[in-house]
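Some notes on the structure that comes next.
Values in this text are rule-based calculations from the coordinates and carry no lab data. Given the structure is predicted, the values throughout are model-derived calculations rather than measurements. Using ideal geometry, Cβ is built from the backbone for each residue, glycine included, and neighbour counts are taken over all protein chains shown.
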Amino acid sequence: MLGHRGIPVQLPCSDDAAGLAVYAQCIVDAAQTSTADPVIVAHSFGGFSAALAASRLPTRLLVYASAMIPVPGERGADWFEHTGWQAASEDFGELFYSDIPSRASMSVFERRQSDSPGSEPWPLHEPPAAPTRAVIFADDRFFPPTFMRRVIADRLGTEPDIVPGGHMAMISHPEELAAHLVSYL
């Protein structure tokens, strides 16, 4: 999009034997199909594996897009308590897909997520050295903007950029998100 090639990464989400190292290796393998240093864009829980992948290969930029930002030794399962996250609703479908017109069509994106990667401590002793940016979504009900601004300030020491959309803005507002990501280059 916009003169750049996106490489979607299929993670073995339902494989209970696959942890963060396997997830990160999937990202590294996908990035190595390109000749340029990648821009790695992490969404939601993807922040844990994307940051690990960015430590393993030359990375032009790491972007946390409404993503969980890990600290050394932190487990994904503990991130919610450590950051003070509270669900705005018990309906996670509503939180994730709030700005998608037909939630019924979202079932194509849903798949079982193993607990394995979320139960592992994040193995790095410091954040990756890659240049890093953060984007939050204006109408995100899962990771609301006020909450994410605080997390990003605490964990990255920076102010995030904001783009339209809910937690799945890459589906509801792909052009706006893509244009914003390209503006970093």
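Roughly speaking, what is the stretch gain from Ser89 to Thr146, that is 0.36 nm per residue apart minus the C-alpha to C-alpha distance, in nm to one decimal? Can you show the working numbers first?
Values: separation 57, 0.36 × 57 = 20.52 nm, distance 1.64 nm.
Contour length minus the Cα-Cα distance gives 18.9 nm.
Stretch Glu175-Arg56 to full length: gain in nm at 0.36 nm per residue minus the Cα-Cα span?
Numbers: separation 119, 0.36 × 119 = 42.84 nm, distance 2.95 nm.
Working it through step by step, the gained length comes to 39.9 nm.
Magnitude of the Cβ-charge dipole of segment 20-183, K/R +1 and D/E -1, about the Cα centre, nearest 20 debye?
So the dipole magnitude of segment 20-183 works out to roughly 300 debye.
Just want the answer: with Cβ charges of +1 for Lys and Arg and -1 for Asp and Glu, which residue in Val22, Gly6, Ala51 is farthest toward the dipole's positive end in the chain?
The residue sitting most towards the positive pole is Gly6.
For the chain, what proportion of DSSP beta bridges, expressed in % and rounded to the nearest 5, is antiparallel?
So the antiparallel bridges amount to about 5 percent of the total.
Give me the extension gain from Asp161 to Gln10: residue separation times 0.36 nm, minus the current Cα-Cα distance, reported in nm with one decimal.
Gain on extension, Asp161 to Gln10, equals 51.7 nm.
In whole Å, how far is the Cα centre of segment 135-170 from that of segment 1-58?
Going from one Cα centre to the other spans 21 Å.
In nm, to one decimal, how far is the modelled label at Asp115 from the one at Asp29, with both set 7 Å along Cα→Cβ?
2.7 nm
Let me make sure I get this right: for the chain, a, b and c are the square roots of the gyration tensor eigenvalues over alpha carbons, sorted descending. Under 1.5 in a/c it's rounded, otherwise prolate if a/b > b/c, else oblate. Which is it?
Because its axes are fairly even, with a/c under 1.5, the chain counts as rounded.
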